[in-house]
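Just below is one structure, and these are the notes that go with it.
The values are calculated or read from the model by the stated rules, or taken from the named source; none is laboratory data. Remember, it's a predicted structure, so these values are computed and weren't measured experimentally. So basically every Cβ, Gly included, is an ideal-geometry build from the backbone, and we count neighbours across all protein chains shown. Note: areas computed on protein heavy atoms with side chains; ligands, DNA, RNA excluded. Shrake-Rupley method; radii C 1.70, N 1.55, O 1.52, S 1.80 Å.
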Amino acid sequence: MGYINVVLSFLATSTISVSPSDNNYDSQHKLIEQFLTVRNLDTAILYTCWSLSDRVIYMKKFNEKKIAVTHRKKEDFYRDFSLNDLFTITEYSPSLGIIIDWSCHDDPLFKFSESWLWNASYHWLMMMRKYSNNNIQSFISSKKINLTVSSEILLAYPNEMDDTNWHIFDIHRTAYEPRGKLIIDVVNKTFGKWGNRLWKFDKRSNLGNLTLNVVTIGNPYGASAKKNGTDIQPSSEELVKYLKTFNLDRLNSVQKFSYGIMYPLTRNLLNITLNIQTTNSWGYKTNNKWDGIVGMLISGEVDFSISLNALRSERYDVVDYSAISTWKHLPCFIFRHPRSSTASTNIFLRPFESAVWFSIICVVILSGFVYCTIMHYESNQMFSLRVLSDIVLLKIGTLCQQGTVMEPTKLSNRLIVLLMFVFSLVIYQFYSSSIVSGLLRPTVMKIDSVQKLAESGLDVGVEDFNVVVKVIEVYGEVNPYLKKIVENKIKPKSEYLLAKDGVKKIKKGNYAFFTDPATSYWLINDIFTEKEKCDLTELPLHRSETTGYLVQKKSPYRKLINYANCILRETGLMDRELRIWHAEKPKCTAGKTTTEESLVSVGIKDVASLLAFLIIGFISSFTILILEIISHRYKTNTPIIVKKITN
């Protein structure tokens, strides 16, 4: 009754004026023209009491204003409002004006039957009878006008003393009946003919402590491994307390970030009380039926979600997205760079290319030949195996920066030895520096595709978080290498782990963990050393997905939530919550500062080839020794046997 008293008192004091005319239809035309102009509408349907000649005159005036008007007859009124094709809107004309003169269309038994007529795409101007009942609430109920917070309906009452003046009221409800309440706003109460509304939600953002049903994710863990989850359903108070808790395990970061945004958005900006319900699925279509959040929105159990969902095209037909967030959804494989399997075995051959090695061998052979020739003419010694072995030892010693027992006396031989020492000095510097740099910058195995990951030999695990598991299952159906990883490495070992357990395995090495980095990087920052952070690499399966909050299809709260979300973003609250809950990839600082862990240690793999070469040399030397002993004994025993035979 409070709203009705405001209306009755205002009817006696406030009016909106139009140019006076001898015909009341002129005042209606002026009112309609102002309405369509203020609302920026270029198409409209008219249900008025105008005669045929008046229609022609007024429609011509509308055409001059570039407004396309369709006038419907009185006989069409009672059947038109069930025809979708008559009220069609397009991307070029997204809004439609509907004007009704109730003085010639008011049937007490008439009721609107379609709820879609009251969404924001249809702008209504209802010109009421001069002596009609001023109880707006009873009028709305009798005509079954299903108002929402986004409805665009104006009621125009003619002034009792002057037909050329109108009282204009903007009406809406904070929620569908029976929830919410009817709001009647006097349009021209203070500013201008059509009020001071810049945007309708400037005045409709206060929903009067309206209670709405919302949904979030309760326990998304443990669906795959059957070991990390729980069936306990917390109470609303316990759930709210948990969503506000900043715990060290960083679980449910996306839900806590979502609640950190939606609570001030709904409580402080929109004055909404949340009745929170839970589910364990974001909403996937299984056997032609949607589960989780999407299923609850379709059934009408909840009005919107307070948990972020990735934008997926398959959901567009059944739900709408609202309040697009800065949170990016990008599960990926995280692992430490594995060392290349060939890097350690070739560490002593890698410094030079094959052509350089061949050139070095040729130089050594050539210098040995020249040295042997000079020595032959110097001492008149005949070529022998002993001389050859001495020359070989000399050249190897020279190449290794070592001396020799042979002392060349001729200047020519000394010059050859000197040149070989200079040559070996330069080669030795190149060789040793290349090995050191190779240890400082170890060659890693480049894994930039799922195929290389499957062939790398790394163990693989998945975070036991249902949206992460769903991603790897979906992409496993289209990627044969990913399917092979799931079937051969994940499912047989049941490698579904919580983030903290998977991160510990990443630290040990030789392990790739498919996880949401927004959560896992917090844990990595806590337990990884700087060198281990520099070893990290990512392998995503797809591009990062934008996220938003789900609302019912054609929900009246969609734009209202968008409006409030923009305010939170402009004030910096969203960035603050993002820094609290969304981890960034750790920065590599090991190369910028010298620490104990940045010092390089040579591993057994690095010298394995050298040890193998040394062992082979020992075996070869021992084998040659045995052959020499056998040969020596054979030579020393042979004359004795011959002597006995001759005797």
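Summary table below
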quantity	calculated
Accessible area in the full protein assembly, largest first, 1.4 Å probe, for Ile217, Ile184	Ile184, Ile217
Potential extension, Ser620-Arg543 segment - 0.36 nm per residue separation minus Cα distance	21.9 nm
Probe 1.4 Å - accessible area at Asp501, Å² to nearest ten	60 Å²
Distant-in-sequence amide H partners of Asn280 (H built 1.01 Å from N, under 5 Å)	Gly218
Candidate residues Tyr92, Tyr242: accessible-area rank, largest first, probe 1.4 Å	Tyr92, Tyr242
Å³ per residue enclosed by the Cα convex hull of the range 476-565	175 Å³
For Leu497, solvent-accessible area (1.4 Å; no DNA, RNA or ligand), Å²	20 Å²
Surrounding net charge for Ile506, when Lys and Arg each add one and Asp and Glu each subtract one, Cβ distance under 9 Å	+4
Heavy-atom accessible area order for Leu611, Leu41, Leu109, largest first, 1.4 Å probe	Leu109, Leu611, Leu41
Inter-label distance, nm, simple model (7 Å from Cα along the C-beta direction), Ser449/Arg569	3.7 nm
Restricting the range 53-127 to GluC sites (Glu not before Pro) in coil, as DSSP defines it, with at most 11 other Cβ within 10 Å	Glu91
Once the Cα gyration tensor of the range 516-562 is diagonalised, semi-axes √(5λ) in Å	38, 13, 7
Extension gain, Lys143 back to Asn525 (0.36 nm per residue minus Cα-Cα distance, nm)	131.2 nm
Loop sites in the range 60-114: trypsin sites (Lys or Arg not before Pro), DSSP, at most 10 other Cβ within 10 Å	Lys66, Lys73
Per-residue HN-Hα couplings for the range 358-374 [Karplus 6.51, -1.76, 1.60; θ = phi - 60°; Hz; x = Gly/Pro]	5, 5, 4, 4, 5, 5, 5, 5, 5, 5, x, 5, 5, 4, 5, 5, 4
Extension gain from Lys203 to Leu393, taking 0.36 nm per residue of separation minus the Cα-Cα distance	58.6 nm
Amide H within-cut-off set for Ile98, under 5 Å, with H built and near neighbours excluded	Ile45, His123, Trp124, Leu125
Modelled FRET efficiency - R0 35 Å, Ala68 with Asp317, Cβ distances, 0.05 increments	0.70
R0 of 35 Å, Cβ-Cβ distance Leu109-Lys553: FRET efficiency to nearest 0.05	0.65
Kirkwood hydrodynamic radius of the range 280-334, Cα pairs, Å	12.3 Å
Estimated vicinal HN-Hα couplings, Hz - the range 307-312 in sequence order (Karplus 6.51, -1.76, 1.60; Gly, Pro = x)	10, 5, 10, 5, 6, 10
Rg/Rh ratio calculated on Cα atoms of the range 416-550 (Kirkwood radius)	1.21
Efficiency of FRET from Cβ geometry, Thr245 and Glu301, R₀ 25 Å, rounded to 0.05	0.40
In range of the label at Lys285: residues from the range 293-308 whose backbone nitrogen is under 17 Å from the point 7 Å along Cα→Cβ	293-299
Area accessible to solvent at Arg39, 1.4 Å probe radius, in Å²	40 Å²
